[in-house]
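Note sheet for the following structure.
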Amino acid sequence: MALKQQGSSDKVWCFVGDMTSETGTFFENSKYSINHDLPITYVIEDNGKSVCTDTLKVWNCDELFFAKVLGNEPFCPTVVISYWMNGKYSIKDLENLTGIKAHTLRIWEQRYGLVEPHRTDTNIRLYSNDDLKKLLNVSVLVHAGHKISSVAYMDPSALHAAVQTAALEEAEYESQISSLKRAMLDFDETSFTAVLEQSFRQIGEWETFTGLVAGFIHTIGTLWQTDAISVAQEHFASNLIKQKLYAALDALAAPQPGLGEGYTLLYLPEEELHELGLLYLHYYLKFSGVPTLFLGQSVPLMYLKDVLTAVPIRQVVSVFTTCPSRDNLRSYILELRSLVPPKANIHLTGLQLNDALNEAEWPFGVHIHPHLGALKQHVV
């Protein structure tokens, strides 16, 4: 309501589970939003369960209320109630998740009967979780050099065994990233951790983090941005990687700045909670011998003053994934520049900055980078 009254272009995203969507609290909330025409999208993440209870069995129905009432039509221009349906992926979703082009997927379907998607009344392909898992496995093997003509006819046990060999025994990032994606989609902590641990043993901690993990961070960022994975899946994978990064950081000595030098300050803006990319940069810098101060997520600008006045700062690094809003981006960066010592550079990246990459009129010392890989080359 505040956003509407302020005339803001921002909007709210509210994520709920399928069981919650059937309760009175959700009905009251959505009714208020609809009747007041508020800028909000409700996303119902439907995995068919509330903890371990089957949602449809509880309500003795064959379809969720809003799925039946809505179809694909919103209630009003601003309020949208949409679904993250478990096991219903479009061919574009599969392309994003597997890296296999949609055109290639169609050919494989026709030539080898690799998967058999369900088709809607309008002939749109919808793929199941099993289809996705199989195609992720196929992607691993094809990338590892197997011919699709042989992979297509493998039985499930042979396919699984071949994937384990390709993903875990070969130091091949693309194969391992596919294995991590598959484990993420299944919320399979054991398999996810096994891929990382095998990589640590084969190529070492540094190569694992700067090669495999860096590539996976970029991948899940793209998947999250394109709505190809759910918030829960992104958080699941991010937190497992963060555990490994924290352990690695704890084992590293803390470099100290030399005479006349300063620290690299790493922080996230207020209400920005996507910490994985920044944590990776912290590891990269600390391992490289760069003195760092890591403040973490959701730091209001006013509290940066405490650090900036207490210790010498050589550069400031931040990642803008969801905050600040694009409407407030310029004013935020200008205020940040006014707080940071004139000789200290500011290095920024993140989804919120995509539209700012081509702007040349940023204050002196402010550098906008297209991704983490580009940023890290300028801060060591």
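Filtering SER230, SER238 for residues that are surrounded by 14 or more Cβ atoms within 10 Å (Cβ to Cβ), touching a strand residue (DSSP E or B) at 6+ places or on another chain (Cβ under 6 Å) and closer than 30 Å to ASN328 by Cα leaves a single hit, SER230. Within the range 355-370, if we keep just the residues that are surrounded by 15 or more Cβ atoms within 10 Å (Cβ to Cβ) and not hydrophobic (A, V, I, L, M, F, W, C), the residue that is farthest from HIS218 (Cα to Cα) turns out to be GLY365.
Looking at the range 118-146 only, could you name the residues that are assigned to a helix (DSSP H, G or I) and hydroxyl-bearing (Ser, Thr, Tyr)?
Of everything in the range 118-146, just one residue is assigned to a helix (DSSP H, G or I) and hydroxyl-bearing (Ser, Thr, Tyr), namely SER139.
Among the residues of the range 204-238, just one is free of Cβ contacts under 8 Å to residues at least 60 places away in the same chain, within 23 Å of ALA374 (Cβ to Cβ) and out of contact with any helix residue (DSSP H, G or I) (no Cβ under 7 Å at 6 or more places or on another chain), namely GLU207. Scan the range 313-325 and tell me whether some residue there is among the hydroxyl-bearing types (Ser, Thr, Tyr) and surrounded by fewer than 14 Cβ atoms within 10 Å (Cβ to Cβ). For the range 313-325, residues among the hydroxyl-bearing types (Ser, Thr, Tyr) and surrounded by fewer than 14 Cβ atoms within 10 Å (Cβ to Cβ): absent. How about the range 269-278: which of its residues are within 18 Å of the chain's Cα centre (by Cα) and surrounded by fewer than 17 Cβ atoms within 10 Å (Cβ to Cβ)? Matches in the range 269-278: GLU271, LEU273. Being closer than 25 Å to LEU212 by Cα and not aliphatic (A, V, I, L, M) is a property that holds for ASN354. Search the range 291-312 for residues being more than 22 Å from ALA253 (Cα to Cα) and hydroxyl-bearing (Ser, Thr, Tyr), and hand back the single one that is surrounded by the fewest Cβ atoms within 10 Å (Cβ to Cβ). The residue in question is THR309.
When ALA161, ALA228 are checked against the criterion of being modelled with pLDDT under 90, among the hydrophobic types (A, V, I, L, M, F, W, C), within 30 Å of TYR112 (Cα to Cα) and in a helix (DSSP H, G or I), ALA161 stands alone in meeting it. Residues that are assigned to a helix (DSSP H, G or I), at pLDDT 90 or above and of a type in the set (Phe, Trp, Tyr): does the range 177-196 have at least one? Yes, because at least one residue in the range 177-196 is assigned to a helix (DSSP H, G or I), at pLDDT 90 or above and of a type in the set (Phe, Trp, Tyr).
Mind checking whether some residue in the range 140-161 is within 24 Å of ILE220 (Cα to Cα), in contact (Cβ under 8 Å) with a residue 24 or more places away in the chain and not aliphatic (A, V, I, L, M)? Yes, because at least one residue in the range 140-161 is within 24 Å of ILE220 (Cα to Cα), in contact (Cβ under 8 Å) with a residue 24 or more places away in the chain and not aliphatic (A, V, I, L, M).
Name the strands (runs of 3 or more DSSP E) wholly inside the range 1-117 in which the number of residues that are modelled with pLDDT of 80 or more and surrounded by 13 or more Cβ atoms within 10 Å (Cβ to Cβ) is 3 or more. Steps first, please.
Working: elements: 12-17, 40-46, 80-85.
Of the strands (runs of 3 or more DSSP E) lying wholly inside the range 1-117, those with at least 3 residues that are modelled with pLDDT of 80 or more and surrounded by 13 or more Cβ atoms within 10 Å (Cβ to Cβ) span 12-17.
Taken over the range 287-302, the criterion of being hydrophobic (A, V, I, L, M, F, W, C) and within 17 Å of GLY258 (Cα to Cα) is satisfied by PHE287, VAL290, LEU293. Take the residues in the range 332-354 that are among the polar types (S, T, N, Q) and in contact (Cβ under 8 Å) with a residue 24 or more places away in the chain, then tell me which one is surrounded by the most Cβ atoms within 10 Å (Cβ to Cβ). Going through the qualifying residues, I end up with THR349.
Looking at LEU212, LEU281, LEU259, can you tell me which residue is in the same structural domain as ILE313 (by TED's automatic domain parsing), buried (at least 21 other Cβ atoms within 10 Å of the Cβ) and over 13 Å from the mean Cα position of the chain (by Cα)? Give the derivation first.
Details: LEU212 fails: in the same structural domain as ILE313 (by TED's automatic domain parsing); LEU259 fails: buried (at least 21 other Cβ atoms within 10 Å of the Cβ).
Just a single option satisfies the conditions, and that option is LEU281.
In this structure, is THR264 out of contact with any Asp or Glu (no Cβ under 8 Å at 6 or more places or on another chain) and outside the structural domain of ARG326 (by TED's automatic domain parsing)?
On the way: out of contact with any Asp or Glu (no Cβ under 8 Å at 6 or more places or on another chain): yes; outside the structural domain of ARG326 (by TED's automatic domain parsing): no.
For THR264, the condition - out of contact with any Asp or Glu (no Cβ under 8 Å at 6 or more places or on another chain) and outside the structural domain of ARG326 (by TED's automatic domain parsing) - is not met.
The values are calculated or read from the model by the stated rules, or taken from the named source; none is laboratory data. Since we're looking at a predicted model, the values are computed, not measured. Cβ sites come from the backbone with ideal geometry, for glycine too, and all protein chains shown count toward neighbours.
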